Structure formats: structure tokens, C-alpha cells
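Colleague: This is the structure I want to talk about, given as C-alpha cells.
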Amino acid sequence: MGGGRSGRRFDDLFNFVHDPATLLLAFDRVAGNQGARTPGVDGLTATDVEEDIGVPRFLDDLRAALKDRSFRPLPVRERIIPKPGGSGKVRKLGIRRSRTGSFRRR
């Protein structure tokens, strides 16, 4: 595959990822998910974003950081939780920060 073609694919993907409609859909999915009340490593819940910052401003800031390539995801906070079924086994649960979750949930 030629270099020009792969660059075009990245541009298409980048345009899709930082599109306002894509970011809004991703935020809605994060806010509607079962763990939405759990703060991410940045200490914010989806409700905090909605009430304190405002979703449009939050997503505009995220979009700007993506466009100028200053966005850097923080590490995921991990918790050990029991596996369903009472087997006594556990699994890791990764808790992202709100901003990272919105970007990664498409």
C-alpha cells in the first residue's frame, strides 16, 4: 500500500473521530453506561461534566485538543472486582477519565 493512500485513510479517520457529532454520540454512550456515576482518574463523572462544565464546552475543548494534537490520555484507573457467578474469581475493571472515555467510545 502506498504512503499517500495510508495518509488519506488516517485523515479520513481523524476527520471522523474529531467530528462534533461523533464526540457527542460517544459522550452520550459514556453518560448512559452503568459506570457513568464512577469518577474517572480525572475525578469527573458524566454528571459533573453536564452540570459543572457543560457538554458543549467539554466536547469543544476535547475537539480542539484533538485537532492541535495536544490531547494525551491519562492512564486508566484499575479496580479488582468479583466475576459474576460467585466463583470467587476476580477480574480487572478499567476506569477511564471522562475525556478519554468520550474520545475512545465511538
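Colleague: Just the residues that are in contact with a Leu (Cβ under 8 Å, 6 or more places away or on another chain) and either closer than 15 Å to A36 by Cβ or small (G, A, S) (or both), please, taken from the stretch 54-70. Even if it seems obvious, please write down each step before you answer.
Modeller: If we filter the stretch 54-70 for residues that are in contact with a Leu (Cβ under 8 Å, 6 or more places away or on another chain), which is where we start, we get 55, 59, 62-63.
Result: V55, single match.
Colleague: Same structure again: Within the stretch 29-43, can one find any residue that is surrounded by 14 or more Cβ atoms within 10 Å (Cβ to Cβ) and over 20 Å from L93 (Cα atoms)?
Modeller: No, there is no match, as no residue in the stretch 29-43 is surrounded by 14 or more Cβ atoms within 10 Å (Cβ to Cβ) and over 20 Å from L93 (Cα atoms).
Listed here are the residues, each with its yes/no results for (1) open to solvent by 50 Å² or more (accessible area, probe 1.4 Å); (2) modelled with pLDDT of 80 or more.
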residue	(1), (2)
G2	no, no
F10	yes, no
F14	no, yes
F27	no, yes
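Colleague: I've got another one for you. Any residue in the stretch 59-72 that's free of Cβ contacts under 8 Å to residues at least 60 places away in the same chain: show its pairings with residues that are of a type in the set (D, E) at Cβ separation under 9 Å, as long as the two are six or more apart or on different chains.
Modeller: Partner pairs satisfying both residue conditions: R63/D19.
The values are calculated or read from the model by the stated rules, or taken from the named source; none is laboratory data. A quick note: this is a predicted structure, and the numbers were derived from the prediction, not measured. Counting neighbours? That spans all protein chains shown, and the Cβs are built from the backbone with ideal geometry, glycine included. Note: areas computed on protein heavy atoms with side chains; ligands, DNA, RNA excluded. Shrake-Rupley method; radii C 1.70, N 1.55, O 1.52, S 1.80 Å.
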